[in-house]
1. Go through segment 28-68 residue by residue and tally those that are surrounded by 21 or more Cβ atoms within 10 Å (Cβ to Cβ), in a helix (DSSP H, G or I) and under 18 Å from the mean Cα position of the chain (by Cα).
2. Within segment 163-175, is there a residue that is crowded, with 24+ Cβ neighbours inside 10 Å and away from the ligand (no atom under 16 Å from the Cβ)?
3. Would you mind finding the one in GLU143, GLU184, GLU188 that is modelled with pLDDT under 95 and out of contact with any Pro (no Cβ under 7 Å at 6 or more places or on another chain)?
4. Let me confirm something: among ALA345, ALA296, which residue is assigned to a loop (DSSP other than H, G, I, E, B) and among the aliphatic types (A, V, I, L, M)?
5. Across segment 284-307, what is the total count of residues that are surrounded by 14 or more Cβ atoms within 10 Å (Cβ to Cβ) and under 21 Å from the mean Cα position of the chain (by Cα)?
6. Quickly run through segment 35-90 and pick out the residues that are more than 12 Å from the ligand (Cβ to nearest atom), touching a strand residue (DSSP E or B) at 6+ places or on another chain (Cβ under 7 Å) and among the charged types (D, E, K, R).
7. If I ask for residues that are under 21 Å from GLY156 (Cα atoms) and among the aromatic types (Phe, Trp, Tyr), which ones from segment 166-201 would you list?
8. With the condition kept exactly as written, say whether any residue in segment 48-66 is without any contact (Cβ under 8 Å) to a residue 60 or more places away in the chain and within 30 Å of THR352 (Cα to Cα).
Amino acid sequence: MITQVTLPYWRDFPALTQGPAGTDLRLAQPWRQDHEAAVWFSRGAWALAAVVLWWRIRHKEDNPGLWLPDYFCNGSTAPIRDLGVKPRFYPVGEDLRPRWDVCREMAAEGPPDLFVLAHYFGQPGDLAGAADFRRETGAFLIEDAAHVLGPATGIGTGGDFIFYCPHKNFAVPDGAVLLKRDPEGEDELQAAATKLGEDYPGVWPWTLKRIIQKVVPGTALRRLTSFRHKPGFHDDPPYESLPWTPRFSPEARRMMSRVPDLMAGASVQRRINARALAEALKGWTGCRPFYTEEPAAAPYRFILKCDDATTAAARFSALQARGCPVESWPDLAPEVKNNPDRHAAAIQLRQTLLFLPVHQGLTEDELRAGYG
Ligand SMILES: Cc1ncc(COP(=O)(O)O)c(C=O)c1O
């Protein structure tokens, strides 16, 4: 069965309750490139919230001016909004790179304190441009590597902070690591994490879901879940606060110990799978691969760019009807949707991109058979 995310092996389950749990620094080793400080959270959205609290502690001031790219899931802004931050959204172009001309106009009204650059879909963002902007404005630069498997050229070397979300790329229930490049001030980062609270998510719903996905055949699972409302291409999930469970669960911490051994293989398989999908989808009309060149780093998803919103919605429904996993970008912030002139490219991307799985639990033959 083609699943949207990679499933654990049976041999991985005992690690939920048994075995060693690494320290923050030890577990972060594959993502560290230097002497960065490291703190783990359950999700990337909490890593971002921790940087906000770090800034407050460091500057003994109220909330920082935080800038996010406009192509950003609104759901992931919930923790920072709950902390009272009002993010400003800067526009990206259709190539997902920040529109530095507009950023400079915005900075003239008031520069950011924290600037987030996203490495979308695992591929390096414009780190050189962000480093220039950081120098000009004095902002702290946060590299959002939520989709990135591990450090790669152009990722993780320019930000003051970098966060990765291995829970998105590997079969672990939660886990996002926040790195601070200059380890000086680590105490303040730890204080920020403590301030967020000590609660962590329960892992048993995740575990049960994965067991069901492993044991129930795909066709039966589809029949069993057919009564459930499946969101359409244009449907945004309702905005709601995340459960206040910012910390890394002990169960996921134990499972994460096995991830470093899987990284190299995952990177190779993801590239092979992306190539297979590009081949399989060649005859499709009205859409084409978003990235036309071999990806610089391991892909997070295969991205299909449709000519228009109608084609994207039709392709989305057709794939869903065939039982082939497909996703749309979940939602955009109201600040973005309410200013369509400034945020035209983000809105266009939301309406025309489809995401197909390429994870390491799939084979190229499966993908060719499923999507070809
Ligand atoms: C670009 C980007 N950054 C950050 C996040 C937040 O990550 P998490 O789901 O781990 O909170 C997401 C979520 O999908 C994302 O797409």
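1. 9
2. no
3. Residue meeting the stated conditions: GLU184.
4. After applying the criteria, what remains is ALA296.
5. Count: 14.
6. GLU36, ARG88 - these are the residues of segment 35-90 that are more than 12 Å from the ligand (Cβ to nearest atom), touching a strand residue (DSSP E or B) at 6+ places or on another chain (Cβ under 7 Å) and among the charged types (D, E, K, R).
7. PHE170
8. Within segment 48-66 (the criterion being without any contact (Cβ under 8 Å) to a residue 60 or more places away in the chain and within 30 Å of THR352 (Cα to Cα)), the answer is yes, since at least one residue qualifies.
The values are calculated or read from the model by the stated rules, or taken from the named source; none is laboratory data. The model shown is predicted, which means the values in this text are computed figures rather than measured ones. No Cβ is skipped: glycine too gets one built from the backbone with ideal geometry, and neighbour counts run over all protein chains shown.
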